[in-house]
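Following: one structure in structure tokens, then a few remarks.
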Amino acid sequence: MKSLAFLSRLALICNLLFIVCLIIQRTHDFIGRAEVSHTIIILGWFIAPFLNLLVHSWYGIRLIKKEPVLLPKWLIIVNLSVLFLQFFIFFILP
């Protein structure tokens, strides 16, 4: 359960960086250093969807097995809503 909690929190951080990537894409690059900008883009744009899908697959497996998911509900809801946003942006918009 500790690894699921860790991955859920890591997915939250990557999801927040995904939202920052969307803001950077729609506006100008307001981050001064290129290294920080590149790290945000890699974690937010490339890692976040896969990590988010992995975490929610793990939630689903635990629910199918009828095992409790002892995580805050807001964390699950925020990650799930960003997963829907990522699905929409990557598959519906193009």
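Read-outs: derived from the displayed coordinates by stated rules, not from any lab. On a predicted model such as this, the values are computed, not experimentally measured, just so you know. Ideal geometry is used to build each Cβ from the backbone, glycine not excepted, and the neighbour counts take in all protein chains shown.
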For region 1-43, listing trypsin sites (Lys or Arg not before Pro) in a DSSP loop whose Cβ sees at most 14 other Cβ atoms within 10 Å gives Arg33
Cα pairs beyond 20 Å in the chain, in percent, come to 39 percent
Residues other than Leu71 with Cβ under 14 Å of its Cβ, Lys/Arg counted +1 and Asp/Glu -1, net out at +3
Nearest-0.05 FRET efficiency for Ser3 and Thr39 at R0 = 25 Å, using Cβ-Cβ distance, is 0.60
GNM of the chain, Cα pairs under 10 angstrom: of Phe18, Phe46, Phe30, the biggest fluctuation goes to Phe30
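Excluding Ile41 itself, calculate the net charge of residues whose Cβ lies under 15 Å from the Cβ of Ile41, where each Lys or Arg counts +1 and each Asp or Glu counts -1. Let's see the in-between values first.
Details: positive: Arg26, Arg33; negative: Asp29, Glu35.
Net charge in that neighbourhood comes out at 0.
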Percent relative contact order for the chain, counting Cα pairs under 8 Å at least six residues apart, stands at 38 percent
About its Cα centre, the chain carries a charge dipole, from +1 on Lys and Arg Cβ atoms and -1 on Asp and Glu Cβ atoms, whose size in debye to the nearest 20 is 380 debye
